[in-house]
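Novice: The structure's right below; bear with me while I get my questions together.
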Amino acid sequence: MARIRRVFDLGADVTAINAQLAADPHLAALAAARPGLRVPGAWDGFELAVRAMLGQQITVTAARKLAGKLVATYGERALARTSAASALTHVFPAPARLAAANLATLGMPRSRATTLSALAASAVAEPRLFERARDLDEAIARLRALPGIGEWTAQYIAMRALREPDAFPASDIGLLRAMAEPDGTRPSAAALASRAEAWRPWRAYAAQHLWTSDGAAASAPAGLLEEAVA
């Protein structure tokens, strides 16, 4: 029950969150339209990190296909009693499995395959790697110390896996698109980060509202990452 509450963010005080975000005219309309919107979690931090890294520099559709190929190749077969009731055939591979694998055979750039293997090795060495830190700054610093993880990915993992309510990937293309002016002019990542200061300590919820807004133009959170455009 605790894991379900965590993954579906059932403990969020949406009344307090909406009251804070409503001080911004742009977010006020979004919060009023979706007053119960929460930030979805993740069952496994390592899987989330790998999927976020797979999405760098490619489309969301391509990233999903690559993740499916990775799971089909290196994931463990699901139990018969589980797969019989659904389309589930495999579970996501454990860090040790990916750390020892030659991921370049899946068709991704060799540099990214090497980075993913190194990330897996880090997860093997520190089993509590994707557990919540003492505060957001510490969590971001710890994640950014890992191979291949930049600011965007660190903020995204902190939001989804570590359940940090103030995590905010300011350079996300979907967020910048959602905050564009009527003429289409988008703010810079620095300008968005500055405006988002007023949304603390609920910036993750502001991001979720922006991602689900019409202005985001269906841009998925794990699409074009900051590391890919830097």
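FYI, it's all coordinate maths here, none of it is from the lab. Computed from a predicted model, the values in this text were never measured in an experiment. Ideal geometry is used to build each Cβ from the backbone, glycine not excepted, and the neighbour counts take in all protein chains shown.
Novice: Any chance the range 26-33 includes a residue that's of a type outside the set (A, V, I, L, M) and in contact (Cβ under 8 Å) with a residue 40 or more places away in the chain? Give the derivation first.
Specialist: Our first condition is that a residue be of a type outside the set (A, V, I, L, M); within the range 26-33, this holds for 26.
Subsequent filtering for residues that are in contact (Cβ under 8 Å) with a residue 40 or more places away in the chain retains 26.
Yes: one or more hits.
Novice: State all residues of the range 144-162 that are assigned to a helix (DSSP H, G or I), more than 8 Å from the chain's Cα centre (by Cα) and touching a residue at least 60 places away in the same chain (Cβ under 8 Å); if no residue qualifies, say none.
Specialist: Answer for the range 144-162, where residues must be assigned to a helix (DSSP H, G or I), more than 8 Å from the chain's Cα centre (by Cα) and touching a residue at least 60 places away in the same chain (Cβ under 8 Å): 151, 152.
Novice: Ok, one more. Does the range 72-91 contain any residue that is closer than 24 Å to residue 152 by Cα and within 23 Å of the chain's Cα centre (by Cα)?
Specialist: First, pick out the residues of the range 72-91 that are closer than 24 Å to residue 152 by Cα: none.
No, the conditions are met nowhere in the range 72-91.
Novice: List, please: which pairs have Cβ atoms under 7 Å, are six or more places apart or on different chains, and start with a residue in the range 89-112 that is in contact (Cβ under 8 Å) with a residue 12 or more places away in the chain and closer than 16 Å to residue 77 by Cβ and end with one that is in a helix (DSSP H, G or I) and of a type in the set (Val, Ile, Thr)?
Specialist: Cβ pairs passing all conditions: 90/71; 92/71; 93/71.
Novice: Name the single residue that is surrounded by the fewest Cβ atoms within 10 Å (Cβ to Cβ) among those in the range 113-136 being within 18 Å of the chain's Cα centre (by Cα) and assigned to a helix (DSSP H, G or I).
Specialist: Looking at the filtered set, the residue picked out is 115.
Novice: Sticking with this structure for a sec: Count, please, the residues in the range 154-188 that happen to be farther than 18 Å from residue 139 by Cβ, buried (at least 20 other Cβ atoms within 10 Å of the Cβ) and small (Gly, Ala, Ser).
Specialist: Within the range 154-188, residues that are farther than 18 Å from residue 139 by Cβ, buried (at least 20 other Cβ atoms within 10 Å of the Cβ) and small (Gly, Ala, Ser) number 2.
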